[in-house]
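The values are calculated or read from the model by the stated rules, or taken from the named source; none is laboratory data. Computed from a predicted model, the values in this text were never measured in an experiment. Backbone-built Cβ (ideal geometry, glycine too); neighbour counts: all protein chains shown. The accessibility values were calculated without ligands, DNA or RNA, using every heavy atom of the protein model including side chains. Shrake-Rupley method; radii C 1.70, N 1.55, O 1.52, S 1.80 Å.
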Amino acid sequence: MPVTVRLFARLREIAGADELARPRAGTVAEVWEALVAEWPALAPYAGSLSCAVNAQYARMTTPVSDGDEVAFLPPVSGG
Amino acid sequence: MLLPFAITADPLDPAGLLALAQQRHADQARTDDVEGPGGLVLFVGVVRGRHLGQEVSALTYEAYEPLAVASFERIAREAADRMPGVVLCLHHRIGTLGVGEPSIVIAAVSAHRAEAYAVSRFAIERVKQISPVWKREHVVGGASWVEGATVDPDDQGPLDEAWRRACP
């Protein structure tokens, strides 16, 4: 079962999709690295990125399981 | 029927959210046998028509809805941990908004004014730090995403900074 990747704001625009199905990877970081390999323009976000797994705040070291939803969050600007 | 925490594409209802927060404070105070609502602070953030010297025609907001709602719940918990009994309700709008339209409503209620003012300010500072919401600014000649804070809800530094701004 693949993982669902969610992208927002500028990340979504770079990838041209807000939702992607990707093979399961060991950690959030591995999911991210695969995306950067596909869209090198994502790379500069590595230093300012946050992430979530199944709509809960997570770390890049958080393990990813089959069927998880992994979200990548560029710096936020609500309000 | 309004929920206390929401992301919505519909126009916001500041008066409705304030009434909900007052009701929730009254219910909670009755259960806890403590003082009920005595101070209500309503914060409404609206689209500003000028930013850093540029005319802004509109803002487009997007959010990661389930996590954004969870972040609002977290902010309300953080506020109540520091100031027991305070009640917060938060709604953020998504979609494209014109100048003057409300983008966020924060209703803060406590038994006394000091806590209501403080948690109102705390909540907006915290939303800007940790809530997964993004704005795209439309100006003459183009549009660009505004990139503010890197989200780290467990980082004590920003949390302390939000309280410092709330209680100077």
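For the stretch B:5-166, a simple Cβ point-charge model (Lys and Arg +1, Asp and Glu -1, everything else neutral) yields a dipole of about 420 debye relative to the Cα centre. Of B:Ser131, A:Ser48, A:Ser65, the order by accessible heavy-atom surface (1.4 Å probe, DNA, RNA and ligands excluded), from most exposed downward, is A:Ser65, A:Ser48, B:Ser131. Counting charges near B:Phe122 (Lys, Arg +1; Asp, Glu -1) among other residues having Cβ under 13 Å from its Cβ returns a value of +2. By the compact-protein rule of thumb, 2.2 N^0.38 Å, the alpha-carbon radius of gyration of the stretch B:5-166 corresponds to a ratio of 1.07.
Amide H contacts of A:Arg24 (H built 1.01 Å from N, in plane; Pro and chain starts excluded): A:Val3 sit under 5 Å, all sequence-distant by 5 or more or on other chains.
Which order do A:Met60, B:Met1, B:Met83, A:Met1 take when ranked by solvent-accessible area (1.4 Å probe, heavy atoms of all protein chains), largest first?
Ranking A:Met60, B:Met1, B:Met83, A:Met1 by accessible area, largest first, yields B:Met1, A:Met1, A:Met60, B:Met83.
Could you list log10 I(q)/I(0) for the stretch A:3-73 at q = 0.11, 0.12, 0.15, 0.29 Å⁻¹, which the Debye formula gives when each Cα is one point scatterer? Each listed q maps to, in turn, -0.20, -0.24, -0.39, -1.66.
Think of it as helices only: each DSSP H run of n ≥ 4 in chain A is worth -39500 (n - 2.57), and spread over all residues that comes to -6500 deg cm²/dmol at 222 nm. Proximity of backbone amide H atoms, modeled 1.01 Å from N, is registered between B:Ala149 and A:Val76 at under 5 Å, excluding neighbours fewer than 5 places apart on the same chain.
Where the only charges are on Cβ atoms (+1 Lys, Arg; -1 Asp, Glu), what is the dipole of chain A about its Cα centre, to the nearest 20 debye? Walk me through the numbers on the way to the answer.
On the way: 6 positive and 9 negative charges, 34 e Å.
Computed about the Cα centre, the dipole is about 160 debye.
The local environment of B:Ala166, defined by Cβ-Cβ distances under 13 Å, has a net charge of +1 under the rule Lys, Arg +1 and Asp, Glu -1. Accessible surface for B:Glu101 stands near 60 Å², nearest 10, in the context of the full protein assembly shown (1.4 Å probe). Distance between the modelled labels on B:Ala143 and A:Arg59, one decimal in nanometres: 3.7 nm (7 Å Cα→Cβ projection).
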